[in-house]
Structure formats: C-alpha cells, structure tokens
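Notes follow the structure.
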Amino acid sequence: MNNRLTPSVLLVGNFLSGFGFNRGVCDDLADRLRESGQTVFTTSSKVGRISRLMDMLATIFRRNGEYQVAQVDVYSGMAFLWAEAACSLLRFLGKPYILTLHGGNLPDFSRRWPGRVKRLLGSADIVTAPSQYLQEVMRPYRGDVVLLPNPMNIKNYPFHLCLAPKPHLVWLRAFHNIYNPQMAPLAIANLQATFPDITLTMIGPDKGDGALQETQETIEKLGLHKNIVIVPGVPKSKVPEYLERADIFINTTNADNTPISVLEAMACGLCVISTNVGGIPYLLDDGRDALLTPPNDPKAMANAVRRILTEPDLAERLSRNARKKVEQFDWSVVLPQWETLFSQAASLNNSI
C-alpha cells in the first residue's frame, strides 16, 4: 500500500508482552503495520492498571498532532472504563477512532450495562469484532459491526494432511475451570479399552484455581498416568512442534469465543473436536472441518474421537477443510482489511 495515502495510527491497548504477559493481537498489528511502511504509535506498556490508564490518556493527548486515526481495544469490566475514558478524550480532540471488541465476557457485561455499551459503540467511526459470534451478539448495540478475525502467521504452522490418524491426542489451553480440563481424562477413560495405546498430551499453564490439581487427581484415579502427560505452558514458537506429534485436538471448554489454540490446530491439519459453546459453532462447521459435542459430556467427546479413528475419509475431510478455512485468518488476508478500515475512518473525518 502507498504510505502517502495511509494515515498514521495510534493503537490503544495492553502492550505488556515485554513483561511476561501473553502477546496480544495489538502487538502483532503494530509490527505488521510498521513493516508495511505505516507510522504507528502504541499505548500502553505500563503494568499497573492506573498507571496504564494515565499513560493511555497522556499519549492520546501528547501525540495529538502525530496520528490521524486511533484504534481502541474494548474489553469488559474495569477495562471498559478505560476504553470510555480514551474515547472521550479522542472525541474532545476531534480524532476518528475504531473500536475492536474482545473477550467472551463482553456480551454479559453489555446486558448489564446496555446504555453504556451502546453509547460507546455508537460514538466510534467503525467497530470491529474478531468473531461472527461476537459480531452477532453485539449487534443490538451497534448494527454495523465489521467482522475482522484475529490474524495468525500461517507459514509458522506446517500442514500435514491427516490420512490415517493414530490415537494420539493433544489438549492446549490454560488449566482453569472455565476450560474444563478435568473432562479430558474422562474422555480418554472411555476409549482406553478399545485403544489401549491411546495418548493425550495436555499443554498449558496453571491458573491457580485448582483445575490442574483436580485434573491430576482424575488421571491417577482412572489409572491413566501412562496414557496422559501434562506439560506446562510452552513458548508460542514451540506450539507447532507439539501439535505435530498428535493427530487429534480436543477442546473441552465450557465457554469460548475464537480460541487461537483451535486455529493453530486447524492450521497444522489436526482433526479438531470441540464442545459447541459460545462462539465455537460460529467458527467450526460440524462434520465439515471439525466435530462438535455438548459441553461437559466426556462420552460424546470419546465417541467423536472414535469416529475419527474408525470412519474412512472422515479425518482427511476434517483436516483438509480445517486448513482451508484457517488460511482466511492469515496476515496476508487480514492486514489489507485493517489498512482499508484505517483509511476509511480517517477519510470520514477529512483527516488526511
């Protein structure tokens, strides 16, 4: 894109990856825009909540003459207040801005505070959502929410078409009760008699709510310590390596939006089985690119695994279609859409 026609941008979000926090989409977006030749400012990398809010507001004001359009991440809870404060200042300064909706709790928050949410979303030039689920449930508060998925670098995930799957499974999430890791060993217990060599690698950090301990206790109680291995969270660069060791990916969550771990598994060609909660049915097509099961139903998930291992052609269909779908999430597809939206927002306010 011709940089002369591209507005300078201020990204307002949590840029905390340098302090050991997970790298957010805003970090990658800033890097990609800079690589394309765009002038980008970011805020904030302050760790403390109050200091981060103060830094956001100070940057918005101090850089006023240097950026032409802003993008603000919107989460629920206290973070929503930060978005409100940032957008109030942007409006005072006459700056166009785009809002990006995040988080599985935002719909519940919106139902509790419909007036606040509708006012904030209505004040923006453009509002984006990373999933069709979030786009639809937030439609009562803003009817023209733009679907713009969280992108990924597909070339980092080597694709292997799954033709003859083996009973080697992987689970990749944080050990937290919301993701229901305790269900995974229960599903394996339903398969062990038929597939005695079945294995499951469970990868994820301990979030400290007792889910990890309960999962370990369930594994021991069921006598599955030889079948299931638990691995602490691994660096993102190592994720494809671990995924390549399995043929089937299971997602046991009780609530979800658009989990990056599922997209990563799809990119690598694994056969994905997931509970059909939250935004999952908007992301995955049951029987086409994944198999969906009810939440908290280990027998149903075990039956889905059994189908993949015993039904001819099912694994190949799921694997091939999953990779095809997730290619639409690549940066080469999503970045030009971001650039177009920034130009549109800026031109709506005659800022360029």
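The values are calculated or read from the model by the stated rules, or taken from the named source; none is laboratory data. Here the structure is a predicted model, which means the values were calculated and not measured. As a convention, Cβ positions derive from the backbone with ideal geometry for all residues, glycine included, and neighbour counts pool all protein chains shown. For accessibility, only protein heavy atoms count, side chains too; no ligands or nucleic acids. Shrake-Rupley method; radii C 1.70, N 1.55, O 1.52, S 1.80 Å.
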*Write out the trypsin sites (Lys or Arg not before Pro) in the stretch 252-334 meeting two conditions: DSSP loop, and at most 14 other Cβ atoms within 10 Å of their Cβ.*
Arg288
_If the only charges are +1 at each Lys and Arg Cβ and -1 at each Asp and Glu Cβ, what is the size of the charge dipole of the chain around the Cα centre, to the nearest 20 debye?_
760
_FRET E, pair Asp144, Lys221, Förster distance 56 Å, beta-carbon r, rounded to 0.05_ = 0.60
*Mean shadow area of the chain over all directions, Cα convex hull, nm²*: 17.4
*Roughly how many debye, to the nearest 20, is the charge dipole of the stretch 253-352 about its Cα centre, given +1 on each Lys and Arg Cβ, -1 on each Asp and Glu Cβ, and no other charges?*
200
_Radius 14 Å from Cβ of Gly104, net charge of other residues (Lys, Arg +1; Asp, Glu -1)_ = -1
*Lys/Arg Cβ at +1, Asp/Glu Cβ at -1, dipole of the stretch 154-241 taken about the Cα centre: which of Met183, Pro196, His168 is farthest positive-ward?*
His168
*May I ask you to derive the relative contact order of the stretch 280-321, considering only C-alpha pairs under 8 Å and at least 6 residues apart, and to give it as an integer percent?*
41
_Residue-averaged [θ]222 nm for the chain, counting only DSSP H segments that reach four residues, each worth -39500 (n - 2.57)_ = -12000 deg cm²/dmol
*Taking the Cα centre of the stretch 176-328 as the origin, how large is its charge dipole in debye, to the nearest 20, when only Lys and Arg (+1) and Asp and Glu (-1) carry charge on their Cβ atoms?*
200
_Leaving out ligands, DNA and RNA, and with a 1.4 Å probe, what % of the accessible surface on the stretch 22-164 is carbon or sulfur?_
52
*Convert each backbone phi in the stretch 179-190 into a coupling constant with the Karplus relation 6.51 cos²θ - 1.76 cosθ + 1.60 (shift: θ = phi - 60°), then list the ³J(HN,Hα) values in order as whole Hz, x for Gly and Pro.*
8, 6, x, 4, 6, 4, x, 5, 5, 4, 4, 6
*With a 1.4 Å probe and every protein chain left in place, work out the accessible area per residue of the stretch 74-124 in Å², rounded to a whole number.*
44
*Taking the alpha-carbon set of the stretch 252-302, what are its Rg and Dmax in Å?*
10.0, 27
